[in-house]
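A.B. asks: Can you keep this structure in mind? I'll have questions shortly.
The values are calculated or read from the model by the stated rules, or taken from the named source; none is laboratory data. All figures in this text were calculated on a predicted structure; none of them were measured in a lab. Cβ atoms come from the backbone with ideal geometry, glycine included; neighbour counts cover every protein chain shown. These accessible areas exclude ligands, DNA and RNA; they are computed on the full protein's heavy atoms, side chains included. Shrake-Rupley method; radii C 1.70, N 1.55, O 1.52, S 1.80 Å.
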Amino acid sequence: MNNEALIRKFHDHAALSPENPDDPDSLIGFFQTFRPDGKSLGPLLHDLDFGDPQIGPALAGRISELFQLAGDDRRPQGGRDAYFVVRNPQPLDPELASQWATQWLTNVRDLAISVGDSEVAMALDPLPSIRVLIGTPPKHPKDAAEKSNLLTMIQQNVAGLVEQLDAGPLPTTLRPAYYFIACDALLRDYLMWPFYEKASGHPDPFQPYFGLWQHGVKFRIFGDDQVDLYLPRTD
């Protein structure tokens with residue numbers, strides 16, 4: 001299947017009629033059209049020819065998990081979410097959160113080494129310490145000059161690591177739709193990892209990050225030596 005055929009297959013499944021039907025950006029909002037349960041996405045992903053029969057079912061499993069966690073877009077006060085949000089995350093043990101964050105960053109460093117991205121590898125060697133906090137996190141700085149090197153690496157370079165893996169043209173076509181699930185490049189790469197698994201030769205580096213995400217954990221980085229995790233309040 002070529003890129004254009006894939007895009008049109010997705011359009012037909014969601015009954016979309018965009019002005020630019022061959023543009024990958026026309027798939028932005030695709031997954032939102034199947035809320036709250038996303039049940040019809042499973043058959044679509046299972047049946048598509050991605051060049052490897054294992055990719056479709058693996059993608060479907062991850063999307064199903066996403067919808068189970070955050071498929072309902074209704075806000076408690078009224079209105080609807082534009083993006084997928086875990087409204088009532090289950091509590092997470094702080095020690096386990098720290099372990100997952102350390103594993104995630106270790107995985108990212110290993111992936112960076114394997115694709116030859118020395119900037120990311122050096123930024124994560126040694127690994128930063130993990131501090132676990134409770135409550136609403138502060139915002140990251142918007143000005144690039146105020147961002148730490150580590151934050152820049154995570155926000156920019158890490159988001160491009162999987163693109164350096166040779167997984168063919170189809171993943172690139174779907175990246176905009178996956179990114180706008182939550183405007184989170186790391187969540188996108190977790191959901192799309194089945195495309196890249198064979199090319200990487202690595203176990204999923206983003207599984208620990210998804211564990212944090214599903215529990216409502218946010219990370220913040222204000223220096224090069226520490227990552228802060230903010231767990232939601234449970235009271």
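A.B. asks: Within the set of pairs 6 or more residues apart or between chains, which connect a residue that is within 24 Å of A70 (Cβ to Cβ) inside the stretch 196-212 to a residue that is open to solvent by 10 Å² or more (accessible area, probe 1.4 Å) and among the aromatic types (F, W, Y) with Cβ atoms less than 8 Å apart?
C.D. replies: Here the result reads P208/W100; Y209/W100; G211/W100; L212/W100; L212/F219, each pair linking the stretch 196-212 to a residue that is open to solvent by 10 Å² or more (accessible area, probe 1.4 Å) and among the aromatic types (F, W, Y).
A.B. asks: What do you reckon, is G79 under 22 Å from Y196 (Cα atoms), of a type outside the set (D, E, K, R) and open to solvent by 40 Å² or more (accessible area, probe 1.4 Å)?
C.D. replies: Details: under 22 Å from Y196 (Cα atoms): no; of a type outside the set (D, E, K, R): yes; open to solvent by 40 Å² or more (accessible area, probe 1.4 Å): yes.
Answer is no for this residue.
A.B. asks: So F34 fits all but one of (1) open to solvent by 70 Å² or more (accessible area, probe 1.4 Å); (2) touching a residue at least 24 places away in the same chain (Cβ under 8 Å); what number is the exception?
C.D. replies: Condition (1) is where F34 drops out.
A.B. asks: For the stretch 190-210, state whether one or more residues are assigned to a strand (DSSP E or B) and modelled with pLDDT of 95 or more. Break it down into steps so the answer makes sense when it comes.
C.D. replies: Here is the first cut: in the stretch 190-210, the ones assigned to a strand (DSSP E or B) are none.
So far as the stretch 190-210 goes, no, none of its residues is assigned to a strand (DSSP E or B) and modelled with pLDDT of 95 or more.
A.B. asks: Can you tell me which of (1) in contact (Cβ under 8 Å) with a residue 40 or more places away in the chain; (2) open to solvent by 60 Å² or more (accessible area, probe 1.4 Å) is the one E19 doesn't meet?
C.D. replies: Of everything listed in (1) in contact (Cβ under 8 Å) with a residue 40 or more places away in the chain; (2) open to solvent by 60 Å² or more (accessible area, probe 1.4 Å), E19 misses just condition (1).
A.B. asks: Out of all the residues in the stretch 155-178, which are in contact (Cβ under 8 Å) with a residue 60 or more places away in the chain, surrounded by fewer than 22 Cβ atoms within 10 Å (Cβ to Cβ) and touching a Lys or Arg at 6+ places or on another chain (Cβ under 8 Å)?
C.D. replies: Result: R175, single match.
A.B. asks: Another question, if that's okay. Let me confirm something: among R233, R220, which residue is farther than 17 Å from L92 by Cα, open to solvent by 20 Å² or more (accessible area, probe 1.4 Å) and basic (K, R)?
C.D. replies: Numbers: R233 fails: farther than 17 Å from L92 by Cα.
None of the others qualify; the one that does is R220.
A.B. asks: Please specify each residue of the stretch 43-64 satisfying the condition of being open to solvent by 20 Å² or more (accessible area, probe 1.4 Å) and either in contact with a strand residue (DSSP E or B) (Cβ under 6 Å, 6 or more places away or on another chain) or without any contact (Cβ under 8 Å) to a residue 40 or more places away in the chain (or both).
C.D. replies: P43, H46, D47, P53, P57, G61, S64
A.B. asks: Being touching a helix residue (DSSP H, G or I) at 6+ places or on another chain (Cβ under 7 Å), crowded, with 19+ Cβ neighbours inside 10 Å and farther than 30 Å from L48 by Cβ is the requirement here; does A123 meet it? Steps first, answer last, please.
C.D. replies: Working: touching a helix residue (DSSP H, G or I) at 6+ places or on another chain (Cβ under 7 Å): yes; crowded, with 19+ Cβ neighbours inside 10 Å: yes; farther than 30 Å from L48 by Cβ: yes.
Yes; evaluated as a whole, the condition is true for this residue.
A.B. asks: Which residues, taken from the stretch 104-118, are within 21 Å of the chain's Cα centre (by Cα) and free of Cβ contacts under 8 Å to residues at least 40 places away in the same chain?
C.D. replies: Applying the first criterion (within 21 Å of the chain's Cα centre (by Cα)) to the stretch 104-118 yields 104-115, 117.
Listed by number, the residues that qualify are T106, R109, I113.
A.B. asks: Tell me yes or no: at least one residue of the stretch 131-138 is under 20 Å from the mean Cα position of the chain (by Cα) and assigned to a helix (DSSP H, G or I).
C.D. replies: Residues of the stretch 131-138 that are under 20 Å from the mean Cα position of the chain (by Cα), as a first pass: 137.
Retained after the next criterion (residues that are assigned to a helix (DSSP H, G or I)): none.
No, that holds for no residue.
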